[in-house]
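Inspection log for the structure reproduced underneath, given as structure tokens.
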Amino acid sequence: MVLKAFTDYANGASMKTVVDMLNMAGIHTKASPKLTLNSVERMLHNRRYIGEYKFRDVVIPNGIPAIVPEELFYRVQDRMEAVKKAPAKLKAEDEYLLTTKLFCGKCKCFMTGESGTSHTGDVHRYYKCVSARKHECDKKTVHKKWIEDLVINEIKGLLFNDELIAKLTDLVMEKQSAENVLLPAMRKTLEETEKAIGNLLNAIQMGIITESTKDRLTQLEQQKKEIELSITKEEIAHPTVTKEQIRFVFEKLRKLDLTKLEHRRKLIDIFVNSIYLYDDKILLTFNYKDGTKTIVLTDSEEISGEGSDLSASGAPSKKPLLSTTAKEVSLLFLTAAYNSYQK
Ligand SMILES: [Zn+2]
């Protein structure tokens, strides 16, 4: 759980999400049954997790077993530092939801957020190619709201496609059973061990008892304990989600209020892998196998113009022009999404 807390935070989860995750898992401190933002922040600073043993002024690196790799630990420190320095609270419209997912189709660089104030005092927000900032690419900027609305609209189309959702649910289940190859074998070994213990106990009951039967029984009981422990560890490492739980997540996602920033962010996090923006088309890759869609922009659709008609963004071409390796449905994201809906 400690490793998961560090990993989630390094991957961009908010401190609050990490606190909720740990509380949901029933983790607590000696002093309090519920973790707080402060206690988790302290935990993420704690150098004992990288194996550092400290007694008064004496510090012994690798003095205790490490739980967190150093590289991960320092990424977490960096992020905590960056968050602290960031302006108190970003205004909703100042958060660029597509950062790290939006790429320039011309030079394949990231497109990141930028804003400017016009002479009338209006603030304009857009995404700009990182190379174009250095005048090394001529990709025009794109309006933030326009491209974000378009992506959200595409996700909505995907969410309300019953056939696709059924397919995605099956994919998650498949991926889950592929990841849990160890568990069935472990459970079988446990069953066999229990059977062997039962047989031995029967023999003892019937009076067949020697020094070696006793030894064998002790051995089997030890083995049983070890397998049970391994099974528990494996179950924690790969939590299983049922089909109903996955359906429940999709049901919840359908009900999100798409005018709310955190709901928009959640959908983009779960579904979008990458977006390549060309002058005449957009290549949108979702987080599932074969999830690439090309959106052809018609001439009338000035890409950096405001108020473009979103309904005209259909027409997927038969062959995507750029092949991007689509990730499988992210089980982790779905599990996280599910957990965040539990009371
Ligand atoms: Zn570019």
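Couple of notes before you dig in:
- Any chance LEU44 is under 30 Å from LEU277 (Cβ atoms) and at pLDDT 90 or above: no
- Candidates ALA203, ALA185, ALA166: the one that is surrounded by 14 or more Cβ atoms within 10 Å (Cβ to Cβ) and free of Cβ contacts under 8 Å to residues at least 40 places away in the same chain is ALA203.
- Test: residue in the range 124-146 that is under 21 Å from PHE271 (Cα atoms), among the hydrophobic types (A, V, I, L, M, F, W, C) and in a helix (DSSP H, G or I): yes
- Selection of the range 113-139 for residues being surrounded by fewer than 16 Cβ atoms within 10 Å (Cβ to Cβ) and either β-branched (Val, Ile, Thr) or away from the ligand (no atom under 16 Å from the Cβ) (or both) yields SER115, GLY116, THR117, SER118, HIS119, THR120, GLY121, ASP122, VAL123, HIS124.
- Note on the range 1-31: residues that are under 17 Å from LYS84 (Cα atoms), open to solvent by 80 Å² or more (accessible area, probe 1.4 Å) and part of a helix (DSSP H, G or I) total 1.
- The listed residue being on the phi > 0 side of the Ramachandran plot and more than 16 Å from the ligand (Cβ to nearest atom), out of GLY207, GLY198, GLY157: GLY207
- Odd one out for THR100 among (1) open to solvent by less than 50 Å² (accessible area, probe 1.4 Å); (2) not in a strand (DSSP E or B): (1)
- Test: ILE208 is more than 31 Å from the chain's Cα centre (by Cα) and either part of a helix (DSSP H, G or I) or surrounded by 12 or more Cβ atoms within 10 Å (Cβ to Cβ) (or both): no
- Residue within the range 189-198 that is in contact with a helix residue (DSSP H, G or I) (Cβ under 8 Å, 6 or more places away or on another chain), assigned to a loop (DSSP other than H, G, I, E, B) and open to solvent by 40 Å² or more (accessible area, probe 1.4 Å) present: no
- Condition check for LYS175 on (1) closer than 30 Å to ARG254 by Cβ; (2) loosely packed, with under 11 Cβ neighbours inside 10 Å: one failure, at (2).
- Against the list (1) touching a residue at least 12 places away in the same chain (Cβ under 8 Å); (2) out of contact with any Gly (no Cβ under 7 Å at 6 or more places or on another chain), the condition LYS144 fails is (2).
- Taking the listed residues LEU164, LEU150, the one that is assigned by TED's automatic domain parsing to the domain that holds GLY105, part of a helix (DSSP H, G or I) and under 30 Å from HIS124 (Cα atoms) is LEU150, with no other qualifying.
- For the range 39-47, the criterion of a residue being in a loop (DSSP other than H, G, I, E, B) and free of Cβ contacts under 8 Å to residues at least 40 places away in the same chain is satisfied by at least one position.
- The sole residue among LYS34, LYS54 that is touching a Lys or Arg at 6+ places or on another chain (Cβ under 8 Å), open to solvent by 40 Å² or more (accessible area, probe 1.4 Å), assigned by TED's automatic domain parsing to the domain that holds LEU72 and without any contact (Cβ under 8 Å) to a residue 60 or more places away in the chain is LYS54.
The values are calculated or read from the model by the stated rules, or taken from the named source; none is laboratory data. All values reported here derive from a predicted model rather than from experimental measurement. Don't worry about glycine lacking a Cβ; one is built from the backbone with ideal geometry, like all the others, and counts go over all protein chains shown. Keep in mind that these areas ignore ligands, DNA and RNA; they rest on the heavy atoms of the full protein, side chains included. Shrake-Rupley method; radii C 1.70, N 1.55, O 1.52, S 1.80 Å.
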